[in-house]
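Structure first, then comments.
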């Protein structure tokens, strides 16, 4: 069930901003925003809907998000 693929921007891999999981009927069962350790160059907000304010309010450390998937 776990498939994480980092996005690539200017050749440097970056951790995902959002981890999501769905059940067998494609209903969301988990949506977790990931706290970034490095500055985010672009949130691609028109495409993702993710903003700095959203991450500031709801993001969790990456290790915590991955533990939630187990």
Using the 10 angstrom Cβ neighbour count as an exposure proxy, how do 50, 34 rank, fewest first? 50, 34
Determine, for 20, 14, the number of other Cβ atoms within 10 Å of each Cβ, and report the residues in order from fewest to most. 20, 14
Could you state the principal axis extents of the C-alpha atoms in segment 7-69, from the largest down, to the nearest angstrom? 35, 25, 25
So, relative contact order of segment 7-69 in percent, Cα under 8 Å, 6 or more apart, is 27 percent
Counting other C-beta atoms within 10 Å, which of 52, 35 has the fewest, and how do the rest follow? 52, 35
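Each value in this text was obtained by applying a stated rule to the coordinates, not by laboratory testing. Everything numeric here is computed off the predicted structure, so don't read it as measured data. Cβ: placed from backbone, ideal geometry, glycine included. Neighbour counts: every protein chain shown.
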